[in-house]
Each structure stands twice: as C-alpha cells, then as structure tokens.
Amino acid sequence: MTPITTFFRNLESKCCAACGQVMSEQAESYMTECFSCQDLATRDAYLYYHTKK
C-alpha cells in the first residue's frame, strides 16, 4: 500500500477542463475550471439570459 504522503506528492498538476491552464487550487478541490473560464461562462450565461425575448 502506498503511503499517503507519496500519493499526494505524485499527483499531477490540476488543469482547467475548458482551457487547459494549470490551476493553483488544491488537488482535492472540486473545481474543474479556472477562475477566468468560470467568469467567462458566468458572463455568457448572464448575457444569454438577459437577451432572450
């Protein structure tokens, strides 16, 4: 069985699912997109919602 410290030390860098940028959040975080991509998606959703007729 692998020691827990070895497991966490060997984790790969976490990357954004949308743009591929390396994320600085902790590996156990549930985030899959960087803040820039989240802001862009939020802006697009806001504009889509408010331009619907």
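What follows draws every value from the coordinates through simple rules; no lab data is involved. All figures in this text were calculated on a predicted structure; none of them were measured in a lab. Here Cβ is always computed from backbone atoms with ideal geometry, including for glycine, and neighbour counts include all displayed protein chains.
Between T42 and Y30, the contour length at 0.36 nm per residue exceeds the alpha carbon distance by 2.6 nm. Considering only F35, S24, Y49, and ranking their Cα positions along the charge dipole of the chain that arises from unit charges at the beta-carbon of Lys, Arg, Asp and Glu, the one farthest toward the positive end is Y49.
Output the relative contact order of the chain, whole-number percent, from Cα pairs under 8 angstrom with separation of 6+ residues.
On the way: 28 pairs, mean separation 12.4, N = 53.
Relative contact order, the chain: 23 percent.
Would you please classify the overall shape of the chain from the alpha carbon gyration tensor, given that a ≥ b ≥ c denote the square roots of the eigenvalues, rounded means a/c under 1.5, and beyond that prolate means a/b larger than b/c while oblate covers the rest? Since a/c reaches 1.5 and a/b is larger than b/c, the shape of the chain is classed as prolate. Around the Cα centre of region 4-51, unit charges on the Cβ atoms of Lys, Arg, Asp and Glu (plus for the first two, minus for the last two) sum to a dipole of about 80 debye.
Using only Cα atoms, find the angle between the long axis of helix 35-51 and the longest principal axis of the chain, and express it within 0 to 90 degrees, rounded to the nearest 10. Between helix and principal axis, roughly 20 degrees.
Over the chain, dividing the summed -39,500 (n - 2.57) contributions of all DSSP H runs of at least 4 residues by the number of residues returns a 222 nm mean residue ellipticity of -13500 deg cm²/dmol.
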